[in-house]
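Following: one structure in structure tokens, then a few remarks.
The values are calculated or read from the model by the stated rules, or taken from the named source; none is laboratory data. Since the model is a prediction, treat every value here as computed from it, not as a measurement. Side chains are part of the model used for accessible areas, which takes the heavy atoms of the whole protein and leaves out ligands, DNA and RNA. Shrake-Rupley method; radii C 1.70, N 1.55, O 1.52, S 1.80 Å.
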Amino acid sequence: MEKLAKCKMVIGTYINDNIILGGPYVAEFETSDNKFFIKVEQCGYRKISIKASEDTSVFELYGVFTKIERLLMIFDGQFLNLENLEFTDSSDTEKSMLKSVGNNLMHQRLTYFKSVDLVSYKADKLLEFDEVLSSDLYDKWEQLLEELDIAHQMYLYAMGDTKITVDVKCAFLIELAETLVEVLKVYTDSFQKLKPGNGTSLKECVKALIEEYGKDIFEREMEANEKEFLSTMINSRIRIMHIKRNQKKKYFNGNESVLYILKLSLLYRRILLDILGVDKQVYIDKLQKCVSRLNRWNDTLDKLLLRL
């Protein structure tokens, strides 16, 4: 039987294409069980370092590492490019084996860790990690990931460079409304009367989420023609999930699908930040700038409003 590789440290370094990452920003904390010390630093590039209190399976270390990556993606709106992954500081595993493990994990990374070109680190970032990252936030994130389960994977694949067409990505994000309502019922006092999948329609879930968390994101659409906008959104999901004879005529075209992938991603991220207890005042200005930019993108919104 092959020996399980163990060590105390994993380090990942990141760059982003065409831009130098800002800084200096640093956040460091110990997990509540005192098992891991986590440090994220950025100045020109980003580095995540995780040190265990004792020799630990490389796969457990990597699991903590990817949880941090996925949390940072909620702040940034995209994954940065992982340039190097290094496992070090072991009392009984050879350096050559640790290097091999790092190389293998780099090559086996899930496709969603490469974000789609639609998103931009500068344009879609909502906050700097050093403003909020802490042991308490990490604990909440671990619990939330467990609650979201496959739904968060679905969100990440929709935002990843996965070769899925934009209309399908948009449909996936629309479908997530039911899951988000269910999660919010657990974590907040909101939506307690809604029953997704058992009497509450997808349209009702989308409307409830927009009214509670997305008024500023979808303000123009809802003011122009709320009924037709919500119907068009739901039709876009129906078009992907049903045969042609059961499809509706009015749905998002290609450019509109791109626009609502980005807007629904903002809504999703905002909801998760709220559940995590991040004060909206930390990111509201950047959120509003994101929405303003999207509302002007290619005149797509103006054209949609004309045909609602």
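Figures for the structure shown
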read-out	value
Value of [θ]222 nm, deg cm²/dmol, for the chain, DSSP H segments ≥ 4, -39500 (n - 2.57) each, nearest 500	-17000 deg cm²/dmol
Mean separation of Cα contacts under 8 Å, 6 or more apart, over the residue count of the chain: relative contact order %	16 percent
Measure of compaction for the chain (Cα Rg per 2.2 N^0.38 Å)	1.07
Gaussian network model of the chain, springs between alpha carbon atoms under 10 Å - residue of 223, 178, 28 with greatest fluctuation	223
Ranked order, 152, 107 - accessible area, probe 1.4 Å, largest first	107, 152
Above-threshold pairs, the threshold being 26 Å between Cα atoms, out of 169/303; 185/280; 8/286	8/286
Highest-MSF residue in the chain out of 13, 179, 93 [GNM, Cα springs under 10 Å]	93
Region 95-234: relative contact order in percent, alpha carbon pairs under 8 Å with at least 6 residues between	20 percent
Area accessible to solvent at residue 195, 1.4 Å probe radius, in Å²	110 Å²
Region 41-102: relative contact order in percent, alpha carbon pairs under 8 Å with at least 6 residues between	25 percent
Most fluctuating residue given options 57, 96, 292, as computed from a GNM of the chain linking Cα atoms under 10 Å	96
